[in-house]
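Below is one structure; the comments refer to it alone.
The values are calculated or read from the model by the stated rules, or taken from the named source; none is laboratory data. Quantities reported herein were computed from a predicted structural model and do not represent experimental measurements. Quick reminder, even Gly has a Cβ in these numbers, built from the backbone with ideal geometry, and neighbours come from all protein chains shown.
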Amino acid sequence: MHELRVAPSILSADFARLADEVADVAPAVSMVHVDVMDAHYVPNLTLGPPVVRSLRAATPLFLDAHLMITDPRTYAPQVVAAGADSVTFHPEVEDDPLGLVELLRDVGSQVGVAVRPHQPLSLVEELLESIDLLLVMTVQPGFGGQAFQPEVLPKIAEAVAARERLGARFRIEVDGGISPDTVGGTAAAGADTFVAGSAVFDHLDRPAAARAVLAAAEA
Ligand code: DX5
Ligand code: ZN
């Protein structure tokens, strides 16, 4: 249904050289994944709207923001205003997730919702017809470089079935432990958007590393 895409996660890049790091991988990709963490939703702290604004000025690539924060209602609109093209939040922290999806669409953003490895798809059932992206976490959110959790694969297939049943159009993104070794199973299950942090930025030739993830997904 959707063209396969790799989204390098800048969590594994050199934060003092972000513009150069993004420019380095740009020849091989059309989007970049930006992990926003608040040290409350997850035990890690990364970046916020000012850095998104600087990234926006530095690259024309699609900016895919992943908010691992407890107050997306306050900060998601700020991330959109800073220039993100898509913003994904974890819905269990929000009293009215559908209202937040609609609010973000109204300000011109694409919108995603995320499910953690142990969370069932039923958590986001009522949102599936309204979103652009379903982010299926394949590790617990918070840190790069963790091991892929294959037990999540059936949930991807379940999301594909739900999308068909509802006549919905959302992309299915996987995030966590994605590499040429693990991506194939997610693509076979129906994922189309592959976040890869360490599998891209831990290599000297980032375009080659990103292309290797895509090639393994397409195989
Ligand atoms: C983890 C983040 C991921 C992270 C993935 O909570 O959401 O986007 O950067 O890193 P890798 O690809 O190294 O597992
Ligand atoms: Zn992420």
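Within the set VAL200, VAL160, VAL115, VAL139, the sole residue that is surrounded by 22 or more Cβ atoms within 10 Å (Cβ to Cβ) and either within 13 Å of ligand 1 (Cβ to nearest atom) or modelled with pLDDT of 95 or more (or both) turns out to be VAL200.
Of the residues making up the stretch 33-49, those that are within 11 Å of ligand 1 (Cβ to nearest atom) and of a type in the set (A, V, I, L, M) are VAL34, VAL36, MET37, VAL42. Would you be able to say whether some residue in the stretch 88-95 is crowded, with 17+ Cβ neighbours inside 10 Å, over 21 Å from LEU123 (Cβ atoms) and either at pLDDT below 95 or among the acidic types (Asp, Glu) (or both)? Within the stretch 88-95, not a single residue is crowded, with 17+ Cβ neighbours inside 10 Å, over 21 Å from LEU123 (Cβ atoms) and either at pLDDT below 95 or among the acidic types (Asp, Glu) (or both).
Counting residues in the stretch 116-134 that are within 20 Å of PRO43 (Cβ to Cβ), under 16 Å from the mean Cα position of the chain (by Cα) and touching a residue at least 24 places away in the same chain (Cβ under 8 Å) gives one or more.
Take GLY112 and tell me if it is within 17 Å of ASN44 (Cβ to Cβ) and touching a residue at least 40 places away in the same chain (Cβ under 8 Å). Show your work before the answer.
Numbers: within 17 Å of ASN44 (Cβ to Cβ): no; touching a residue at least 40 places away in the same chain (Cβ under 8 Å): yes.
In short, no.
Out of all the residues in the stretch 1-25, which are among the aliphatic types (A, V, I, L, M), surrounded by fewer than 21 Cβ atoms within 10 Å (Cβ to Cβ) and touching a strand residue (DSSP E or B) at 6+ places or on another chain (Cβ under 8 Å)?
Of all residues in the stretch 1-25, those among the aliphatic types (A, V, I, L, M) come to 1, 4, 6-7, 10-11, 13, 16, 18-19, 22-23, 25.
Now restrict to residues that are surrounded by fewer than 21 Cβ atoms within 10 Å (Cβ to Cβ): 1, 4, 16, 18-19, 23.
Hit for the stretch 1-25 is LEU4, nothing else.
Among the residues of the stretch 132-141, those that are within 20 Å of ALA189 (Cα to Cα) and in a loop (DSSP other than H, G, I, E, B) comprise ASP132, THR138, VAL139, GLN140. Identify, from the list ARG53, ARG105, the residue that is closer than 27 Å to PRO120 by Cβ and in a helix (DSSP H, G or I). The unique qualifying residue is ARG105.
Evaluate the following for ARG165: is it in a helix (DSSP H, G or I) and either surrounded by 14 or more Cβ atoms within 10 Å (Cβ to Cβ) or within 16 Å of ligand 2 (Cβ to nearest atom) (or both)? Taking the combined requirement at face value, the residue does not satisfy it. Among residues of the stretch 60-102 being in a helix (DSSP H, G or I) and of a type in the set (Asp, Glu), the one that is farthest from the chain's Cα centre (by Cα) is GLU102. Just so you know, in the stretch 15-45 the residues that are free of Cβ contacts under 8 Å to residues at least 12 places away in the same chain and within 16 Å of ligand 2 (Cβ to nearest atom) include one that is farthest from LEU55 (Cα to Cα), and it is ALA39.
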